[in-house]
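**Student:** This is the structure I want to talk about, given as structure tokens.
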Amino acid sequence: MNFKITLSFLIYIIVLASITWLYKYQQISPILIVPYKVQTDWSYEPIGCWNSQSMDSNLSTNCQLDDSMDNILLFGDSHASQLVLGFENLLKTTQAPSSKKIILLTSSLMNGHWPSPHFFDSSQVKFISSVLAETSKNDVIIFTVSSQHVKDSVYGNLKQKGRLSISLAKLLASILYTQPIKGKIILMLDTPHLKNDVARICYREEGYKNKLCQLNYDDYMLQNSYLIEAYDYLKTLPINPSNEPIVLDPTPSFCNLKECSLFDESGFMLIDGNHIKMSVSHKLVKELFIGVI
């Protein structure tokens, strides 16, 4: 009897020690026994106009269209916030920065139960639509979100293939096509993200050698395929033919000849599993938007 208890306890110790070793030293899981720390160079986190308005009933002047300038309006999720950093830097380094104004409408569009049809009539969607309806032909409207919002579960795909992509297309249609919009419309594909948030590993000096930190080209294409499906479906809906959206693909900023990397001269390019560093946003906006805005 005592032998069985001793043997059971010994097996328990061996199993516990093995799991601890795997988690801590082999780094095969996103749940690591190391202190969590976001590795970021963001100078601040931009707050959208919708979020500001919810805290203050008066819309700040920073959120109002300026008729004397070319307005750059961004909306979506936190990926819209990460572009703000790049646009701010771009305007600082251009010859005529005072001719353009950056407005982050919302970085929380995909929060809550966005696939629900009732969300299309929400006050946030109405707010965005009302601002976009006031744009002029020199203004630029940019929509960007993480593709993870559109990746459906196996159960969801059994109910309707591409259900979330279709929902996103209909949501965009309710924002962009309910009333005429004069500004140029740009739909962005996603910047790459890791399967797991292991940025704290990848930031180490030898992180680029770790398989968890490597970006597979096919995986990145799969990430963006959900957004491509949504944008393609949007084209099938009634639109204003004179203002058809432009789709911008950031893939060349991360991939070359079907080989991708999340490392540049500054090191690892993400601050977590999903968001790019401020310095990467600077480069991305220059590479992607000069000549477009």
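Where a number appears in this text, it was derived from the coordinates with a stated rule and is not lab data. Quick caveat: nothing in here was measured; it's all calculated off a predicted structure. Glycine gets a Cβ as well: all are built from the backbone with ideal geometry, and neighbour counts include every protein chain shown.
**Student:** Along the range 175-184, what does the Karplus equation 6.51 cos²θ - 1.76 cosθ + 1.60 (θ = phi - 60°) give for ³J(HN,Hα), rounded to whole Hz, x for Gly and Pro?
**Tutor:** 8, 8, 10, 5, 9, x, 10, 8, x, 5
**Student:** Here's another thing I want to ask about it. Using Cβ counts within 10 Å as a stand-in for footprinting exposure, how do Val125, Val15 rank, fewest first?
**Tutor:** So the ranking, lowest neighbour count to highest, is Val15, Val125.
**Student:** For Ile142, which sequence-distant residues (separation of 5 or more, or a different chain) have an amide H within less than 5 Å of its own amide H, given hydrogens modelled in the peptide plane?
**Tutor:** Counting only residues 5 or more places away or on other chains, the set is Leu73, Leu74, Phe75, Ile186.
**Student:** Amide H to amide H, which residues 5 or more places from Asp70 or on other chains are under 5 Å from it, using H placed in the peptide plane?
**Tutor:** Lys100, Lys101
**Student:** In the P(r) worked out for the range 143-293, what percent of Cα pairs fall beyond 20 Å?
**Tutor:** So the pairs more than 20 Å apart make up 55 percent of the total in the range 143-293.
**Student:** Taking amide H atoms as placed 1.01 Å from N in the peptide plane, list the residues 5 or more away in sequence, or in a different chain, whose amide H sits under 5 Å from that of Val247.
**Tutor:** Under 5 Å from the amide H of Val247 lie the amide H atoms of Leu187, each far enough along the sequence or on another chain.
**Student:** Kindly put Val131, Val150 in sequence by how many other C-beta atoms sit within 10 Å of each C-beta, fewest to most.
**Tutor:** Least to most surrounded, the residues fall as Val131, Val150.
**Student:** Sticking with this one: For labels at Thr94 and Phe263 in the simple 7 Å Cα→Cβ model, what's the distance in nm?
**Tutor:** 3.5
**Student:** When the Karplus curve 6.51 cos²θ - 1.76 cosθ + 1.60 is applied with θ = phi - 60°, which whole-Hz ³J(HN,Hα) does each residue of the range 208-223 get, with x for Gly and Pro?
**Tutor:** Values per residue, Gly and Pro as x: 5, 7, 6, 4, 5, 9, 8, 9, 7, 4, 5, 5, 5, 4, 5, 4 Hz.
**Student:** When we measure straight from the Cα of Lys151, which lysines land under 24 angstrom away, once same-chain ones fewer than 8 places off are left out?
**Tutor:** Lys159, Lys161, Lys170, Lys195, Lys211, Lys235, Lys258, Lys277
**Student:** Would you mind classifying the range 130-227 by shape? Square roots of the alpha carbon gyration tensor eigenvalues, ordered a ≥ b ≥ c; an a/c under 1.5 is rounded, otherwise it is prolate if a/b is larger than b/c and oblate if not.
**Tutor:** Taking the square roots of the gyration eigenvalues as a ≥ b ≥ c, the range 130-227 is oblate.
**Student:** Quick one: grab the alpha carbon gyration tensor of the range 39-289, order the square roots of its eigenvalues as a ≥ b ≥ c, and give me rounded if a/c is under 1.5, else prolate or oblate depending on whether a/b is larger than b/c.
**Tutor:** Since a/c reaches 1.5 but b/c is at least a/b, the shape of the range 39-289 is classed as oblate.
**Student:** Right, another one. Quick one: Karplus J couplings for the range 141-147, per residue in order, coefficients 6.51, -1.76, 1.60, θ = phi - 60°, nearest Hz, x for Gly and Pro?
**Tutor:** Ordered by residue, 3J(HN,Hα) equals 10, 10, 10, 8, 9, 6, 5 Hz.
**Student:** What is the distance in Å between the Cα centroid of the range 277-291 and that of the range 105-168?
**Tutor:** 24
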